[in-house]
1. Taking the Cα atoms only, what angle lies between the long axis of helix 208-218 and the longest principal axis of the chain, rounded to 10 degrees?
2. Just need the relative contact order of the stretch 169-297 here, percent rounded to a whole number, with Cα pairs under 8 Å and 6+ apart.
3. Among Glu171, Glu217, rank each residue by its count of other Cβ atoms within 10 Å, from fewest to most, as a rough exposure measure.
4. So what's the net charge close to Ser196: Lys and Arg +1, Asp and Glu -1, counting the other residues with Cβ under 14 Å from its Cβ?
5. Report, in degrees rounded to the nearest 10, the 0 to 90 angle that the Cα long axis of helix 2-18 makes with the longest principal axis of the chain.
6. What shape does the stretch 50-147 have by the C-alpha gyration tensor, where a ≥ b ≥ c are the square roots of the eigenvalues, rounded means a/c under 1.5, and otherwise prolate means a/b greater than b/c and oblate the rest?
7. When Lys and Arg each count +1 and Asp and Glu each count -1, what net charge do the other residues less than 14 Å away from Leu27, Cβ to Cβ, add up to?
8. Note down the magnitude of the dipole of the stretch 15-158 about its Cα centre, charges +1 on Lys and Arg C-beta and -1 on Asp and Glu C-beta and zero elsewhere, to the nearest 20 debye.
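What follows draws every value from the coordinates through simple rules; no lab data is involved. Only a predicted model underlies this, so the values are computations on that prediction, with no experimental measurement involved. No Cβ is skipped: glycine too gets one built from the backbone with ideal geometry, and neighbour counts run over all protein chains shown.
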Amino acid sequence: MQRRHLLLATSAAVLLTACGGDSDPNLIEALEIDADLSLLLEAVRAAGLEGTLRGSGPFTLFAPTNAAFVALLTELGTTKDAVFGDTALLTAVLTTHVLGAEVRAADVPVGRPVTTLQGGIVKPFAASAGLGLVDGRNRTANVVAADIGCSNGVIHKIDRVLLPADKTVVETAIATPGFSILVQAVVAAGLVDALSAAGPFTVFAPTDEAFAALLDELGVTADDLLADTGLLTTVLTYHVLPARVLAAEVPVGADITTLQGGTFSVDAGLVITDGRGRTANIVATDVLASNGVIHVIDRVILPTA
């Protein structure tokens, strides 16, 4: 019995030492204590970020579990040594998990962009089990343990490793089925470079079906439309905002000024009214890209004639 008491007392003393006595541990000390975050700790040290996360902060750390790291390696078809040995990649990935402020779970702005230390954004959303996150590649992760207090911030454990965006709005459209005519139009109008710039941009992206309907409405062929670069540029830039605006941030009922210079409005049901009084539905929202966001619409919108 005395030996058992001695072991318990020794274990308690070790924990208190690791946690800095009566105070909370810092982020690194918290990772050292939690065996389920050992791969994250190893990654942080491999990237040379330990000093940063021991600093005064405050920070918010979305901490992937060991299982999340193992799943990432399978997803990417690579090895731990390859990922942990690529310092630049590892730093970009890890700083995607860190916010430069302490944000408790109840204060996370659901639906709105949250800027990470990496410089990109993640989008929090209300998941069935609580709080979820969408990363720059539109992958989702769930918070499985929230509000782990530290002396220099807070930790939220997540079940998937977040990745920074790796495609522009143009590259995202190219990689997404159903936007082939939009991509042809952007190329024909010479807008690829402009929409591949830093931005950020918001693109209301008409589907192929929307473009087909426009051709019927105007009584022209696809070749006619693609050949008229002046008209094409006017129409396409009317679908672009010179800022990143997620669905939760769209100013309902107000005039929204586009890159073309004209305006349209969006109602509470996510229905757009364009400059000619025509309407289009936003059928999918918040497709994230490295230089902005895409919202999918079911009709090509047109500026005032």
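1. 20 degrees
2. Numbers: 207 pairs, mean separation 36.2, N = 129.
It rounds to 28 percent for the stretch 169-297.
3. Working: Glu171 18, Glu217 12.
Ordered by Cβ neighbours within 10 Å, fewest first: Glu217, Glu171.
4. Details: positive: Lys167; negative: Asp166, Glu171, Asp193.
Taking every other residue near Ser196 into account, the sum is -2.
5. Helix 2-18 sits at roughly 40 degrees to that axis.
6. Values: a/c = 1.79, a/b = 1.25, b/c = 1.43.
Since a/c reaches 1.5 but b/c is at least a/b, the shape of the stretch 50-147 is classed as oblate.
7. On the way: positive: Arg45, Arg54, Lys157; negative: Asp24, Glu29, Glu32, Asp34, Glu50, Glu102, Asp147.
It works out to a net charge of -4.
8. Values: 9 positive and 15 negative charges, 109 e Å.
Its charge dipole is roughly 520 debye.
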